[in-house]
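To start, the structure itself, in structure tokens.
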Amino acid sequence: MAINLVKGQKIDLTKGRSSLKSVMVGLGWDPVSQKSGGFLGGLFGGGSSGAAIDCDASVLLLNENNKLSSKQQLIYFGNKSSNNGSVVHTGDNRTGAGDGDDEIINVNLKTVPSSVHKLLFVVNIYQAKQRKQDFGLIKNAFIRLVDNDTKQELVHYNLSDNYSGKTSLFLGELYRAGEEWKFSAIGEGTTDSDITSIANKYF
């Protein structure tokens, strides 16, 4: 059974799970319903309430100094795999419509380079300023971790704060603690307009 986390909570992911090799990190969100026409009617039914909200998930592979050592350590829709293939983004979902995970990042814990101490998971709204969109238009945001071998959900964190006015969300982080991997639920929003401005803070 998955452990449901609250904001700020941490969990030891690998302790007692020596067989855990690879995790699927699923990130999801739903647009709030707009005007009439049923759920999603305004945003996705061809209505007049504006463009679809395109949320993009990314992961920053940070070193022991909490920095990106190179641009290749940023995994997102424009750079879907780390150099050795230990972290792979499966692709961009441009609407968030439907149930389940909207974007998926697979992490092979056994082959993540030793120079990578933390994996920071971020979601931002594509062209948020141009489209005048923010996370007040999004609901049911979550991050969850699943054992890729057994398909067992290990951790689930639902973001429940009000993120109106925020254009990016720091959902959670996977980080090393000696020989173990831990996960921390963050749930912090910022006004960063794109993944480049987020990444620049870590160089």
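The values are calculated or read from the model by the stated rules, or taken from the named source; none is laboratory data. All values derive from a computational prediction rather than experimental measurement. With ideal geometry, Cβ positions are generated from the backbone for all residues, glycine too; neighbour counts draw on all protein chains shown.
Specify which of the listed residues (G100, G91, G136) is more than 17 Å from L174 (Cβ to Cβ), over 16 Å from the mean Cα position of the chain (by Cα) and in contact (Cβ under 8 Å) with a residue 12 or more places away in the chain. Unique residue meeting the criteria: G136. Filtering region 172-203 to residues that are free of Cβ contacts under 8 Å to residues at least 40 places away in the same chain, under 13 Å from L62 (Cα atoms) and in a strand (DSSP E or B) leaves nothing.
Taken over region 172-203, the criterion of being surrounded by fewer than 20 Cβ atoms within 10 Å (Cβ to Cβ) and aromatic (F, W, Y) is satisfied by Y175, Y202, F203.
Determine whether R131 is modelled with pLDDT under 95 and more than 16 Å from the chain's Cα centre (by Cα). Give the steps one after another, and end with the answer.
Values: modelled with pLDDT under 95: yes; more than 16 Å from the chain's Cα centre (by Cα): yes.
Taking the combined requirement at face value, the residue satisfies it.
The single condition among (1) touching a strand residue (DSSP E or B) at 6+ places or on another chain (Cβ under 6 Å); (2) buried (at least 18 other Cβ atoms within 10 Å of the Cβ); (3) touching a residue at least 60 places away in the same chain (Cβ under 8 Å) that L169 does not satisfy is (3). Exactly one residue out of V112, V155, V123 is more than 19 Å from K7 (Cβ to Cβ) and surrounded by 17 or more Cβ atoms within 10 Å (Cβ to Cβ), and it is V112.
Let's see how each residue does on (1) under 17 Å from W29 (Cα atoms); (2) among the aromatic types (F, W, Y); (3) in a strand (DSSP E or B); (4) at pLDDT 90 or above:
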position	(1), (2), (3), (4)
S49	no, no, no, no
I53	yes, no, no, no
L60	no, no, yes, yes
L68	no, no, no, yes
I75	no, no, yes, yes
V88	no, no, yes, yes
A97	yes, no, no, no
G100	yes, no, no, no
I105	yes, no, yes, yes
